[in-house]
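The next block holds one structure in the form of structure tokens; read it before the comments.
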Amino acid sequence: MRNRYIQSFHQKQIGDKKVPNFKAGDTVRLGIKIQEGDKSRIQHYEGVCIAIHGNGVDKTFTVRKMGANNIGVEKTFPLYSASLDSIEVLRIGRVRRAKLYYLRNRRGKAARIKELRK
């Protein structure tokens with residue numbers, strides 16, 4: 001049972017933000033608002049979701065992508081962040097784990113995730 005003030009704060013933070021249903025193993029494309037001086041733009045970050053943590057307003061998820069020179073780059077995003085403009089699920093992965101930290105040690109074809117076919 002939460003305090004009603006905390007409950008109202010959480011509802012205000014979540015607001016009417018629409019978040020798609022995704023899980024670890026899914027390939028997502030995130031639109032992140034970047035503020036540079038007085039201008040702002042949206043930069044896309046695309047990769048595999050390897051973990052989801054927390055619940056409610058405190059929910060975060062970690063996305064891993066391969067950067068330049070095949071260097072893995074991981075970023076953790078708050079799900080209800082104001083700087084997170086959009087979340088788009090590109091592929092639904094078929095995995096058997098909730099945390100895919102083993103992908104850090106895999107390279108090339110060994111790091112592939114099968115796509116869920118319906």
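Quick note: the coordinates plus some simple rules give every number you see, no bench work behind them. Computed from a prediction, not measured in an experiment: that's the story for all the values here. For neighbour counting, all protein chains shown are included, and Cβ atoms are generated from backbone atoms with ideal geometry for every residue, glycine included.
Subtracting the Cα-Cα distance of GLU36 and ASN70 from their residue separation scaled by 0.36 nm leaves 9.5 nm. Please determine, in degrees from 0 to 90 and to the nearest 10, the orientation of helix 4-14 with respect to the longest principal axis defined by the Cα atoms of the chain, where the helix direction is its Cα long axis. Rounded to the nearest ten degrees, it is 50. Over the stretch 1-63, the reciprocal of the mean inverse Cα-Cα separation, the Kirkwood hydrodynamic radius, stands at 14.1 Å.
Taking other C-beta atoms within 10 Å as the exposure proxy, PHE9, PHE77 rank PHE9, PHE77 from fewest upward. In whole Å, how far is the Cα centre of the stretch 28-78 from that of the stretch 82-115? For the stretch 28-78 versus the stretch 82-115, the Cα centre distance is 12 Å. In this structure, ASP58 and TYR5 have a Cβ-Cβ separation that, at R0 = 22 Å, corresponds to a calculated FRET efficiency of about 0.85. Taking every DSSP helix (H) stretch of at least 4 residues in the chain, weighting each as -39,500 (n - 2.57) and dividing the sum by the residue count yields a mean residue ellipticity at 222 nm of -3000 deg cm²/dmol.
Here the residues VAL28, VAL73, ranked from fewest to most Cβ neighbours within 10 Å of their Cβ, fall in the order VAL73, VAL28.
So for the stretch 4-106, what percent of the C-alpha to C-alpha distances run longer than 20 Å? Please report the intermediate quantities before stating the final value.
Working: 2299 of 5253 pairs.
That fraction is 44 percent.
Straight-line reach from LYS18: which lysines have a Cα under 28 Å away, not including same-chain ones fewer than 8 places off? Excluding near neighbours in sequence, the set is LYS33, LYS39, LYS59, LYS65, LYS75, LYS99, LYS114, LYS118.
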